[in-house]
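Some notes on the structure that comes next.
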Amino acid sequence: MKHGDLDLAPIGNCAASALIDARARFVWACAPRVDGDPMFCALLSGRDPAEAQQGVWAIDLIDEASTTQHYERNTPILVTRLTDTNGSQVEIIDFCPRYRHNNRTYRPNAFIRIVRPLKGAPRIRMRMTPAVDWGAHAAEATSGSNHIRFRVPGLMRLTTSAPVSSILSERVFRLEEEHVFFFGPDEPFDGDLRARLRQMYENTALYWRRWVRMLATPLDWQADVIRAAITLKLCVHEETGAIVAAMTTSVPEAPNSGRNWDYRFCWISRRLLHRPST
């Protein structure tokens, strides 16, 4: 990401939200509230996240040559595909879980990543460096056999099928199978991690496609209207129904303008575009 480049993709579930750049790097996310201290804050540095020492969650493909990115149809599930100079390819799926469970909406303050090889023998390196105090300090981390706990506001835990030592050391390793990552509240994650996250993925996709079917959309520019509606939904503060004015903070309106304010207040508004309250 070049300085001033705001071509970013949002993900969220009306509790958690994040902004991801074109190379699948988390450059903005706050916890446990959207107006909190950003644990991922590389966006503020104005530098390429590849150079960020902290405040980024990156999955770097070694010898990367190209990247493509899209949302799965009628969902905020983001898919990024990275290809290296030898033609090896990695797919990264990013989303925040949201679906009906036990007659309630399940929307934890959590982020899920599914990383899998598509072609060849890709080599990757993970850089996960949450920060505190607006990027001033790296978050303290402790680890177990399959998790890493980060001391950010609210405490967050990464539970994964990938080698924890490789994440902590940012060591390059060959991606030979699918790996999954659940970054959420500091709680044990029981059961088959891959199976549970795959089910969360399917449930989340189904939830959003059902939500979209309830929209009253015009025939003209329908795909664009649906994408705009999903983006607005991601800005809803679930508990009040208000809409967050922006997922970011203090982004200049124009380069060197000096106009640099915090936009993370909420517009007081009725729920829009969707009849049910879920």
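Structure values in brief
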quantity	calculated
Count of the stretch 122-148 residues which are farther than 24 Å from LEU44 by Cα and touching a strand residue (DSSP E or B) at 6+ places or on another chain (Cβ under 8 Å)	8
Every residue from the stretch 117-148 that is among the hydroxyl-bearing types (Ser, Thr, Tyr) and either modelled with pLDDT under 95 or under 19 Å from the mean Cα position of the chain (by Cα) (or both)	THR129, SER145
Boolean, GLY184 is at pLDDT below 95 and either closer than 28 Å to GLU239 by Cα or part of a loop (DSSP other than H, G, I, E, B) (or both)	no
Residue match in the stretch 164-181 (condition: part of a loop (DSSP other than H, G, I, E, B) and out of contact with any Lys or Arg (no Cβ under 9 Å at 6 or more places or on another chain))	yes
Selection count where residues are among the hydroxyl-bearing types (Ser, Thr, Tyr) and closer than 29 Å to MET214 by Cα, scope the stretch 67-102	4
Positions within the stretch 62-109 being of a type in the set (Ser, Thr, Tyr), in contact with a helix residue (DSSP H, G or I) (Cβ under 9 Å, 6 or more places away or on another chain) and within 21 Å of ALA22 (Cα to Cα), in sequence order	TYR71, THR75
Filter result for the condition that a residue is touching a residue at least 24 places away in the same chain (Cβ under 8 Å) and closer than 20 Å to GLU238 by Cβ, over VAL34, VAL56, VAL90	VAL34
Residue satisfying all of: in the stretch 208-222; part of a helix (DSSP H, G or I) and in contact with a Pro (Cβ under 9 Å, 6 or more places away or on another chain); surrounded by the fewest Cβ atoms within 10 Å (Cβ to Cβ) among these	TRP211
Residue ID - nearest to ARG198 (Cα to Cα), chosen from residues in the stretch 114-125 that are touching a residue at least 40 places away in the same chain (Cβ under 8 Å) and surrounded by fewer than 23 Cβ atoms within 10 Å (Cβ to Cβ)	ILE114
Residue match in the stretch 133-142 (condition: in contact (Cβ under 8 Å) with a residue 40 or more places away in the chain, crowded, with 17+ Cβ neighbours inside 10 Å and in a loop (DSSP other than H, G, I, E, B))	yes
Options GLU64, GLU51: the member that is over 30 Å from VAL212 (Cβ atoms), surrounded by fewer than 20 Cβ atoms within 10 Å (Cβ to Cβ), touching a Leu at 6+ places or on another chain (Cβ under 6 Å) and not β-branched (Val, Ile, Thr)	GLU64
Residue within the stretch 212-222 that is among the polar types (S, T, N, Q) and touching a residue at least 40 places away in the same chain (Cβ under 8 Å) present	no
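The values are calculated or read from the model by the stated rules, or taken from the named source; none is laboratory data. Note that this is a predicted model, so its numbers are computed, not measured. Because the Cβ atoms are built from the backbone with ideal geometry, glycine has one as well, and the counts that use them run over all protein chains shown.
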